[in-house]
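Encoded as structure tokens, the structure appears first; notes follow it.
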Amino acid sequence: MPNGTSTGQKFYKLQCIECSAEYDEKQTATSCLKCGSALDVIYDYERIKRRMNMFALKNSPISAMKYLDFYPILDLEKIVSLKEGGTPLYHAKHLGKKLGLPKLYVKNEGANPTGVFKDRGTLVEVTKALELGAKAICLASSGNMAASIAAYSTVAGIPCYVMVPEKTPIGKLSQTISYGARVLLIRGAYSECAKLAVQIAQENDFYLAGDYVFRREGQKSQSYEICEQLFWRAPDYVVCPIGSGTNLSAIWKGFKEFYKLGFIDKLPKLIGVQPSGCQTVVEAFNKKKRKVVAADYIETICSAVAVNYPLDGNMVLKAIKESGGMAVAVDDDDTLAAEALLANIESIFVEPSGALPVGALKQLSEKGIFKKDDTVVVVATGNGLKDPITAMSNLPSPPSLEPSKEDINRYLKYKLYKLRAASSKGRQKTLWNKMPTEKQLQKIIKEKFDILIKGDYLRAVYGELLNFQAKGKSVTESDLQKIVENVLKEFSSKKPVLKILDFNLQITKTKRPVTTIDIEFMGKKICAKAEGVGPVDAIIAALKKGIAKDDKLEVRLLDYAVTIHSAGTDAAVEVNITMGDKSGEKVLGSATSPDIIQASTDAYIRGYNALYWKSKKK
Ligand SMILES: *Cc1c(COP(=O)(O)O)cnc(C)c1O
Ligand SMILES: [Zn+2]
């Protein structure tokens, strides 16, 4: 061995899972050179057993590094570790009670160094890259693997090139860039990034990382840890999401190894979970096929598993069948609800893909898959902070209040903290055909959101809804939620000094839009006319012009943001306007309407009134 390093003797070989061709890792460590299928590491388990330190295995605390004997690593001096693994296995008593599963556990893989189980695989993959003399690493990712490889490449001291889809969630992207990877945002889907990564790696002699053979070996440690955490017993079921299928096939291999070595006396059944909009493995399973077919089109909010062709799909399909388990699909709405539920009753915050197995539990229980005393382990694969924007889309935004005791007490009095997000299923459903009465509205709000609003507050909400009605837009649960929130913000300020009575907008193809507006300002009726580059600009210009003479605040627009909460040209839009006055005071005005002009004027007016009363207080 060169220079007397600790390079060990080979105790494994790489083999194609389909044609059984064998390879040295210097030839290929990605896919079979003959048939293109996935490779597997075949070990000499007798040797592993002989050199294993049984005392340490049984007595030392869990961590991915504890199981070095089970990884195809030759040079221990090259190991790149960030202390991955050793993640908690929570006994999910509240969720278990809801589902009639007293022995339900959640393996929280979000507790890994970069917030995802992939770090376990990256430990082995980047170590192998160093062993094999890589000068740079290159990969395609939907975000999590990018962040993980970026982190490990940095401590390994080699550059890392990452290709990710343009829509990669912000948490993953900010991590990857922070760790110092050279990130390329590709205007396409993950599948296009994956193809490019293979080519770029080849042409530039970069080490190609991804859902390949060495990664799988590292990710086996999830199973070892689960066995230890259940006091050296295997669970009855393991429920886990499938993206490329690498992780679930790794989990299966881990359990089989511990079984082979006599550490556990049975194997669990595997349940693989995919989103309904991307259910390649589920389809193959249901049709009793041996091979997974690539999907032409996929659509899901679970970005970490949005893979149109799972590289390890065939392997995971085989594992599921061998285990006596199954593959099931979950709708995005149910996944979002599961994400919220898991955080809400077990305080485990996961990203949507990590919530897939929890989303599946309900249908599995209803189908009577589990026996009451079965031990079920759910793998919560990734941390919720990875994709906070998707999480927020399903949560109520807290009210933004003036810094006043009265406003906070009003919030408490109306129990607005109870205001939940519109249920993900009902969010886009029309609430009524015929406008309800105020009394009926009060009842609807109580039923939907569990809060009782009355008096002026109820009247104000009702007034907003009449505006919706006048525009000919049906009200959805999500609209109602936003209105209840926004009216509170307004309601908490004093009597308005600026009101809008009517406006008229002229838009043509070639001329700038012109607005005429009637307002009431400080008790005076004013009519103003202005043009702008766009309709919103024109109306705000007219508003400013109308109040200019008596405006002592010298209001400036600091930010203008539009959010559309659903699809369709008739969707309600939420406008948030930040404005400030000459003293540096700032406020946020918000409004929701099916009409963007209406929402913009309402938000402006709310902001103005709030600023006015703020300046009076001084
Ligand atoms: C990668 C990933 C998965 C899917 O794992 P595969 O090995 O691709 O099947 C699931 N959840 C999260 C959070 C992931 O990052
Ligand atoms: Zn082959």
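Considered as an equivalent ellipsoid built on the Cα gyration tensor, the stretch 498-616 has semi-axes of 23, 18, 12 Å, the largest given first.
Restricting the calculation to alpha carbons of the stretch 490-560 gives Rg and Dmax of 13.0, 43 angstrom.
DSSP bridge analysis restricted to the chain gives an antiparallel fraction near 60%, rounded to the nearest 5. The Cα-based radius of gyration and maximum Cα-Cα distance (Dmax) for the chain are 29.1, 93 Å. Note on the stretch 290-326 and the stretch 203-252: Cα centroid distance 15 Å, given to the nearest whole angstrom. Beta bridges assigned by DSSP with both partners in the stretch 220-392 are antiparallel in approximately 5 percent of cases. Remark: the stretch 21-141 carries 43 Å² of accessible area per residue (probe radius 1.4 Å; ligands, DNA and RNA excluded).
Share of carbon and sulfur in the accessible area of the stretch 220-392 stands at 53%, probe radius 1.4 Å. Compute the signed sum of charges (Lys and Arg +1, Asp and Glu -1) over the other residues within less than 12 Å, Cβ to Cβ, of GLN442. Every neighbour counted, the sum reads +4. Sparsely packed loop sites in the stretch 268-323 (the trypsin sites (Lys or Arg not before Pro) outside DSSP H, G, I, E and B with at most 10 other Cβ atoms within 10 Å) comprise LYS287, LYS288, ARG290, LYS291.
What a 1.4 Å probe finds exposed on the stretch 405-489 is 50% carbon and sulfur by accessible area, rounded to a whole percent.
Global dimensions of the stretch 43-177 from alpha-carbon coordinates: Rg and Dmax equal 17.7, 53 Å.
In terms of overall dimensions, the C-alpha atoms belonging to the stretch 439-559 reach 47, 36, 26 Å along their principal axes, ordered largest to smallest. Per residue, the stretch 501-563 exposes 63 Å² of solvent-accessible protein surface, assessed with a 1.4 angstrom probe and all protein chains in place. List the pairs from LYS13/LYS128; LYS544/LYS616; LYS107/LYS195 whose alpha-carbon separation is above 25 Å, in the order I gave them. Too far apart for the 25 Å limit: LYS107/LYS195. Add +1 for every Lys or Arg and -1 for every Asp or Glu among the other residues with Cβ under 15 Å from the Cβ of GLU77, and state the total. Value of the local net charge: 0.
Checking the Cα-Cα distances for LYS372/LYS418; LYS439/LYS473; LYS83/LYS253; LYS405/LYS586; LYS291/LYS367 against a 30 Å cut-off, the pairs over it are LYS372/LYS418. Every Cα-Cα pair of the stretch 405-489 was included, and the share exceeding 20 Å stands at 28 percent.
In the distance distribution for the stretch 220-392, Cα-Cα pairs more than 26 Å apart total 25 percent. The ellipsoid that matches the Cα gyration tensor of the stretch 90-241 has semi-axes, each √(5λ) in whole angstrom, of 32, 18, 13, with the longest given first. Sites listed here are GluC sites (Glu not before Pro) in the stretch 513-601 whose DSSP assignment is loop and whose Cβ has at most 14 other Cβ atoms within 10 Å: GLU554. Loop-located trypsin sites (Lys or Arg not before Pro) in the stretch 152-251 (DSSP state other than H, G, I, E, B) with a sparse environment of at most 12 neighbouring Cβ atoms within 10 Å: ARG187. Protein heavy-atom accessible surface, 1.4 Å probe, per residue over the stretch 405-489: 52 Å². Model label sites at LEU261 and ASP374, defined 7 Å from Cα along the beta-carbon direction, differ in position by 2.8 nm. Taking Lys and Arg as +1 and Asp and Glu as -1, the other residues whose beta-carbon sits under 13 Å from that of MET522 total +4. Summary value for the chain: 9 percent relative contact order, contacts being C-alpha pairs under 8 angstrom separated by 6+ residues. With respect to the chain, whose longest principal axis is taken over its alpha-carbon atoms, helix 118-131 is tilted by about 50°. Normalise the Debye intensity by I(0) for the stretch 33-109, one equal point scatterer per Cα, no solvent, then take log10 at q = 0.17 Å⁻¹ and round to two decimals. So the normalised log intensities are -0.90.
Each helix, a run of at least 4 DSSP H residues, gives -39500 (n - 2.57); summed and divided by the residues of the chain, these come to -12000 deg cm²/dmol at 222 nm.
The values are calculated or read from the model by the stated rules, or taken from the named source; none is laboratory data. Quick caveat, the model's predicted, so the values are computed rather than measured. As a convention, Cβ positions derive from the backbone with ideal geometry for all residues, glycine included, and neighbour counts pool all protein chains shown. Just so you know, the surface numbers come from the protein's heavy atoms only, side chains and all, with ligands and any DNA or RNA stripped out. Shrake-Rupley method; radii C 1.70, N 1.55, O 1.52, S 1.80 Å.
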